[in-house]
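The structure appears right after this line, and notes come after that.
The values are calculated or read from the model by the stated rules, or taken from the named source; none is laboratory data. No experiment lies behind these values; they were computed from the predicted model shown. Quick reminder, even Gly has a Cβ in these numbers, built from the backbone with ideal geometry, and neighbours come from all protein chains shown. Heads up: the accessible areas ignore ligands, DNA and RNA and are worked out on the full protein's heavy atoms, side chains in. Shrake-Rupley method; radii C 1.70, N 1.55, O 1.52, S 1.80 Å.
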Amino acid sequence: MPIMPTHARRLRELRHPAPSSSTGHTQQCPGAANRARIGLAVILFLVFTTAVVRAVPTMFTIGVILQYTYSDNTPYPDTDDVFAMTSLALPAMNALDPTLTQFQFVKGDSQGTRAGAIAAMLNISSTYPNPVAFIGEWDSATTIPLVLAEAMVRSWHCSGVASSTDLSDKQNFARFFRTIQDDSQQGPALIQFVKTMGWGSVNLVTAIDAYGTSIAASTIAAAPDAGITISTQSVVSPVATDFTFVIATLRKSLSNIIIFAMPTTVAREMLRQARDAGLVAPEYVWISTDIFSDYLSTSAALPTVAEDIVNADGAFYVYPRAATETAAYAVLLAAWARVSSRAVLNVPYGTLCYDCAVALSRGIVRTVQRRGVAALTSAAGNLTLTEFMPPAYEGVSGTVQFTSTGDRVGDFSVWNTVNGNLHLAYDLFANGTRAQRTTPTFAGGSTVVPPDTPPKAKLYPTWSDPVVIVLAVLRALMLGVCAAGIAVLSRNRHVPLVKNMSYPFLVTISVGVMVVLVAEFMVVGEPAQEMCHAPVWVLTVGYQLVVGSAGVRTYRIFKIFSNTTMARMKRYSNAKLLRAVAALIAVQSALYAVRATVFVSTPELVTSKSTVSYQCVPRDAVGDRVIVGVSLALNVALLAGVIVLGYKTRNVASAFRETLWIMYTGQNVAIAGIVILTFTFIALPDFALAAYYLRSFLTLYASIFAYIALVGRVALAAVHSPTASTLAMVPTAISATTSSTSGTSGSHGTTSSAHVHVDWTPTGQIARATVRSAPVKQVAGLSWWHGGWTATWRTHAVHIVVPAAPGTPYLALVPTLTAGTAVQGTAFPTSTATFDARPTDLPLCVIITTARGAWAVQLPTQPDADAVAGALAAAGARSVGAGAGGPGGSSVGRGVRAMSASSATGSAMAPLARARSASHSAAPEKGGKGMIVTEPVVRATARVASPVSLGRARE
């Protein structure tokens, strides 16, 4: 001891006094000498006693307050190992100044509550000697109130776990410091790891507690400088069990990288639900903080089940770096191996709590050496944290160096969980560099770093898309077919076949189909502003060229076939009808011009987690909807009119049956249009490309069908047999479908013309008159669906029968079908009927009227109509109208033989349709007064042969 040599010298001086320096001799008083000797002895005794007392070191108690057990006294995982590892620091602590200080650790079990932690602190403070310092707690939420309570006893506190930035406030936590890096460093470390992995965006999920809040704040603050985007931020309760909202947010997020900070029990439940939702997968990366280090605990109180191990596979967490290369770590490693088989680095926060204990002991020894024991807890000494904390030293966790706020400046490591084991993947240094230690493994065992944002599928057509290329090739081929068709039609435009089919409209329809196909090319690629208007404009013009041309042609046929305007056919010339189509296109173009200039639309990018697409957004949504609505109504009305007219004239017979095919075309366009409009106006971002495929295919299908139905058949006929085609266009008479002879056969005679066949009785009276095929339309009935607008012309066989007495003459109208097919027709007694042989509004027709309705029977020529009228008169029907007293009536007789059989060549009113098979029965006709039958309704059955074409009118 430093005073012992001085004490020895003083004894020698007393035993051997030095000679007097005085030349004189003075004798001292014996009493005085004795008193001097006694005083000196007392002084020496006191000095010696003090030296002996100082030679006994002071015992200081350091309380280690952690959760050692649950409320039911079952052990809490890892805590005993942490305490055991911390206790291994005692030899180094006691060796600092063994004659001055000694240390002991005392457990303080908080049982996981703040009140428990404070109670444990107070118990240690009142029970053990010199309780000048504490270590703990497991989390910041408990540490904060514990440190505040310690202010009452003025103890020092070090934590190897609590990292909340709130504890850096020295006004409230003047005697707190820590060996773990605070959250203000852990957040940047997380961002540093994300950046060095090449990721640019993350999702953040944290608990609403002091720890989670500070992690979130530091992470968000560090992200902008590193160029990292926080895609989504979610918060959860520290005791949350339902993560539905969080998982839904993550599913929608553009990033697959997830940083989470929350208690381990909460993290386990979240990962379970995330796995069920498909978020624990190779394309997702989960990154946690130091709190995740106890996730793989094997404690019976908090077991990690197989499901949890699988859920954590490929996860990462940032943890303060352990400097395994230092001598202090080597000493700990050897000491720990003697007490446990568990790896040092697998004990959560063990090395940090070890260094906490060493740092506290260094600060205590330093203070005692400088100011004494009392200065440690005395308020009078005004000891500051900076004065207490030791200077930098090499600890088991690396260099331990503190800032003025008691925070440790240090590096981090990134740990990787693989098959239930921990692997050191990277070291992150404060200078921003990264050192890889092992190859990281991601969920599913992959070692390939997944992208933060998966490659987005382009949900708009591009030229790199094979489907787009195939559709483009098909459209190009169709354009070539249309161009070739125009060339063929132009070369044969003077051929009657092409001429009668209206060459100008054939070309117009072909051009319209080509315009529609060209419009589909315009939507491929990333859209520019003009692409929001041009494709639909061009497509609509093409549609109107096709449907408008077909519509005016059908309208002309309908007007011709209705026999109402024979004298005004010049109104329906090609030139006038083409001007009508041009006017329609002009109106449509005016609407779209307003839309493109006033209600301008611009393409806007629409992104989802895995897709990118564009949608055109108008400047004025209301005005744009008005224009689109008017345009849609216009074109729907056009298509509906074509379908209705096509339906009404569908049975018109001609060589190419164009009205029937026009109706089919309208139906196909309508069906395709419904689907196309549905996927156009109902936006489904994830279905955008598939919707384009569907729209493009249907547009191509409708175009091909329209071209083949309206143009292609004519062009093909012109190429293969123009002469035969020309002849087919010449209106011909109806051929007799049963054998007939001129003159008499058997007991009675027959008279046959091309259109009317008459059988005579031996007495010269008519027995039967037959028109083998004639268009018939019900023009009036008892209900609105009989006759009028809904009625159509259908081919019938007309039978006027005068049976032998006492039979009743009747008229039978039987629809014509294929040969050998039995059908039911309508029959009624002629005595109750009237007829008009020459109606002014329906030339070449005979109107037959009964109490139940009226029918128009169309004949190829006027003499044929007169012949039918004469047969009706002979059968007892009464003539009315302009035809009364005209040809027919009493002049029928045998003069019917002389009826002209001339064909209807040149007649504009030739029947135009073949009958469809259908059953038609009429309601019963009430018999007249004195009739033999009371219900004179006859169901006539006839076997008929296939009718032939009547030809068509030239357009």
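When the accessible area of the stretch 466-720 is computed with all protein chains present and a 1.4 Å probe, what percentage of it is carbon and sulfur?
On the way: 7920 of 11030 Å².
Of all accessible area on the stretch 466-720, carbon and sulfur atoms account for 72 percent.
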In range of the label at Thr607: residues from the stretch 452-489 whose backbone nitrogen is under 14 Å from the point 7 Å along Cα→Cβ: 452-459
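Taking 0.36 nm per residue of separation and subtracting the Cα-Cα distance, what length does fully extending Glu325 through Ala430 add?
Numbers: separation 105, 0.36 × 105 = 37.80 nm, distance 1.78 nm.
The Glu325-Ala430 span can extend by a further 36.0 nm.
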Net charge, Ala92 excluded, C-beta distance under 11 Å - Lys, Arg +1, Asp, Glu -1: 0
Rough spin-label spacing in nm, given labels placed 7 Å along Cα→Cβ, for Val622 and Lys252: 2.9 nm
Electrostatic dipole magnitude of the stretch 392-496 [Cβ: Lys, Arg +1; Asp, Glu -1; Cα centre; debye, to 20]: 1000 debye
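Taking all protein chains in place and a 1.4 Å probe, what share, in percent, of the accessible surface of the stretch 211-301 do carbon and sulfur account for? Write down the numbers at each step before the final one.
Details: 1990 of 3510 Å².
With neighbouring chains kept in place, the figure for the stretch 211-301 is 57 percent.
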Sites Thr113 and Asn172 - FRET efficiency at Förster radius 22 Å, r taken between beta-carbons, to 0.05: 0.55
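With respect to the cross-link table entries Lys170/Lys195; Lys648/Lys777; Lys559/Lys777; Lys252/Lys456, which display a Cα-Cα separation exceeding 21 Å? Walk me through the intermediate numbers first.
On the way: Lys170/Lys195 33 Å; Lys648/Lys777 11 Å; Lys559/Lys777 15 Å; Lys252/Lys456 13 Å.
In this structure, Lys170/Lys195 lie more than 21 Å apart at Cα.
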Cα centroid separation - the stretch 411-470 against the stretch 237-279, whole Å: 19 Å
Spacing of the two label points (7 Å from each Cα toward its C-beta) at Phe245 and Thr840, in nm: 8.2 nm
Separation of the Phe681 and Ser404 label points, Cα + 7 Å toward Cβ, nm: 7.0 nm
Theoretical FRET efficiency, 1/(1+(r/R0)^6), r = Cβ-Cβ of Tyr393 and Ala457, R0 56 Å, to 0.05: 0.50
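So how much slack lies between Val470 and Arg342, counting 0.36 nm per residue of separation and subtracting their Cα-Cα distance, in nm? Kindly include the intermediate steps, with their values, before the conclusion.
Numbers: separation 128, 0.36 × 128 = 46.08 nm, distance 6.39 nm.
Full extension of this stretch gives 39.7 nm more.
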Reachable aspartates and glutamates from Lys609, criterion Cα separation under 20 angstrom, eight or more residues apart if same chain: Asp276, Glu283, Asp452, Glu526, Asp686
